[in-house]
Amino acid sequence: MTIDQGTAAGSAPPSLIPAHTMALVGTRLRGPVTAVIAAKEAQRYAQAVGDLNPVYFDEAAARSAGYDGLVAPPTFVQYALVQGRPIEETRTDGLFQGDIPLDLAVQRTMFGGEEWDFLAPVLVGDEITAETRLASLDQKEGSKGSFVRITRETTYTNQAGDVVARTRQIGIAR
């Protein structure tokens, strides 16, 4: 699909966000997905990212630090809940579509950043559930024309119903 980026002087650029897509703001895009946090996987992740904090590997160290058991590295929750998908489900830009596709007048989406809020420790043995919602959509003007900023918010909740983390991922769609 080709999009005309030119606009007449003084007129607004054409909308890249159809009304039916804008109406999806607040809607769940993915999940809920649940996984139990396993020590071996959490420790391998810690080693892979170079974070060798003893609270991830030594239960006595974790307890002496005030935890009820071994702790998982903070961003491990995202990795632990990734679900594999067949290659046939990739879009032309190489990304996977959410459970609810977003209809935008764009050709591709790229990663635009991520913010995390860590609200409580995630312990080995916790059952974590993730749910992703479309937090916002807005059209912006850049030096190369119009683009859409997509914000998806994922909330991670433990088996007690406590929110342990939240992430906001920004996508840039042109």
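Check which residues have an amide H placed less than 5 Å from residue 70's amide H, if you skip close sequence neighbours.
Amide H neighbours of residue 70: 124.
Work out from phi, with θ = phi - 60° and the Karplus expression 6.51 cos²θ - 1.76 cosθ + 1.60, the ³J(HN,Hα) of each residue of region 101-114, listed in order in whole Hz, and give x for Gly and Pro.
Computed from phi, the couplings for region 101-114 are x, 9, 8, 10, 7, 9, 9, 7, 10, 10, 5, x, x, 8 Hz.
Enumerate the calculated ³J(HN,Hα) couplings along region 20-26 in order (Karplus 6.51 cos²θ - 1.76 cosθ + 1.60, θ = phi - 60°), each rounded to whole Hz, writing x wherever the residue is Gly or Pro.
So the J values, rounded to whole Hz, are 5, 7, 4, 5, 7, 4, x.
Taking all pairs of distinct Cα atoms, average 1/r, flip it, and tell me the Kirkwood hydrodynamic radius of region 110-174 in Å to one decimal place.
13.2 Å
Please work out the Cα center distance from region 34-81 to region 103-149, rounded to the nearest Å.
The two parts, judged by their Cα centres, are 25 Å apart.
Kindly write out, for region 123-130 in residue order, the coupling ³J(HN,Hα) from the Karplus curve 6.51 cos²θ - 1.76 cosθ + 1.60 (θ = phi - 60°), rounded to whole Hz, with x marking Gly and Pro.
9, 4, x, 5, 9, 10, 10, 10
State the Kirkwood hydrodynamic radius of region 19-173 in Å, one decimal place, computed from all pairs of distinct Cα atoms.
Averaging 1/r across every pair of different Cα atoms and inverting gives 17.2 Å.
With +1 assigned to the C-beta of every Lys and Arg and -1 to the C-beta of every Asp and Glu, and no other charges, what is the dipole magnitude of the chain about the Cα centre in debye, to the nearest 20?
Here the chain has a charge dipole of around 480 debye.
Going toward the positive end of the dipole of the chain, with +1 on Lys and Arg Cβ and -1 on Asp and Glu Cβ, which of 57, 82, 36 do you reach last?
Of the listed residues, the answer is 82.
Readers should treat all values here as calculations from the given coordinates under stated rules, not as data from a laboratory. This is a predicted model, so every value here is computed, not measured. Glycine gets a Cβ as well: all are built from the backbone with ideal geometry, and neighbour counts include every protein chain shown.
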